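Below is one structure, written out as structure tokens; comments come after it.
The values are calculated or read from the model by the stated rules, or taken from the named source; none is laboratory data. Just so it is clear, the model here is predicted, and its values are computed rather than measured. Please note: Cβ atoms are built from the backbone with ideal geometry, for glycine as well, and neighbour counts cover all protein chains shown. The accessibility values were calculated without ligands, DNA or RNA, using every heavy atom of the protein model including side chains. Shrake-Rupley method; radii C 1.70, N 1.55, O 1.52, S 1.80 Å.
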Amino acid sequence: FGGEYYLASSGPPMDRPQAPPSKTEADPGIGERTPLLEKARTSKVSPLRSLWNFCTSLNAILPVALFFLGVLALRYFEAWPMLTCIYVMAQIVTTIGYGDFTVTSPAAKIFLSVYVCVTLIVLAYYINAYMSKVVLWHRDTLRSHLRSVEIWADNSVSDQEQAAKKYGRINEVAAISMLFSAVLFGGAAFFRYYEHCSCSYGLQSVPDCNDSDFETCVASGGFVKDWVDSIYMAIITLSTIGFGDFQPRTYWGRVFGVTWMIFGVATTGMFLSTMTNYFYEREHRSRFATADEVLSHLDPSVFAKIDRDGNGSLSRGEFLAFILVKYGVVDKELMDEVNTMYDRLDVTARESVDLAQVASARNIAPESSSRSDQV
């Protein structure tokens, strides 16, 4: 920066004739942008950098303080190991609640009752905001790779913009599905292989259990997780149901579980939201396509139903009512009620209503209605 600024601001060599400086050369702030300003204008902050800026701002102080307030309170009231306190707090903020550790002291119960009611909403909001940024960064990275593949495979697509326009919605669903699958099956694989059979430790350790090998661990009463158990545990955990019949048992299983639960719950929430929106939009597109098909094939029977007054032509109101019903903006029953209301006003059957007819239906004189409008 210093070198560029010096070269941009220093004058030309004195031994060379120079033309009078232009307004732009005399004042780089006017007219053409300097390289520094142009770089600042065109540069974009990466999602990862944005996440880092967000985490290092003052917004990160409150959720971290609230989280460790809960950790220290559990440590003080229940005298649990630090990892156990962090592990239980991760269950609280994600609302998983395995139930493998429960508070027993009255002071801890009072604290958690107040803590959950007062701080959990704030804490859950910030953690969800942080994790959503992480999930979005991973999702957008996957979508970028998918667009690159589509550019290579589809001759009609030549750049990222065209790929995003053509495959954008599908890529979004595919990217979040791949990320959710990675979190789900990655967690299941970890617990399947690392905790295939465990004697646990600490407060939940199995007496006289030996996990030196799988057969000995099973014979001595260890906790077993096969593939079905691990996938079942992953789904129940990430959906925040948390029955508690399967949970992390080992020290490193709980270390992994803290991050996996928080990140996994955020990923699952985004996955469910994306899929719900996708099927909702797909249903509406299907409904619109059906309505377009009906509109392009107006046969005499359909035309006769739309033409309520039977004069052989469609008024703007009749066509509008038909379109609103066909595209699902209003249902047919509501439109029938509106038409019935209009028929009560149109006592002369002229398909037009004046102020006197409205006033007559309301038992109000037209003059008083006019005065009220002026007021």
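Could you point to the residue in Gly186, His196, Ala219 farthest towards the positive end of the stretch 158-251's charge dipole, with +1 and -1 charges on the Cβ of Lys/Arg and Asp/Glu respectively? Working it through, the farthest residue towards the positive pole turns out to be Gly186. Seen from Thr250, the other residues with C-beta closer than 12 Å to its C-beta sum to a net charge of +1, counting Lys and Arg as +1 and Asp and Glu as -1. Taking a Cβ cut-off of under 12 Å around Phe322, the surrounding Lys, Arg, Asp and Glu residues balance to a net charge of +3, with basic ones at +1 and acidic ones at -1.
Rounded, prolate or oblate: which fits the stretch 154-198 when a ≥ b ≥ c are the square roots of the eigenvalues of the alpha-carbon gyration tensor, with rounded for a/c under 1.5 and prolate only if a/b beats b/c?
Prolate, because a/c is 1.5 or more and a/b exceeds b/c.
As a fraction of the 1.4 Å probe accessible area of the stretch 121-252, surface on carbon and sulfur atoms comes out at 63 percent.
Stokes-Einstein diffusion for the stretch 47-198 at 10 °C, viscosity 1.306 mPa s, with a Kirkwood radius from C-alpha pairs, works out to 85 µm²/s. Taking a sphere under 14 Å around the Cβ of Thr340 and counting the other residues whose Cβ falls inside, with K and R at +1 and D and E at -1, yields a net charge of -2.
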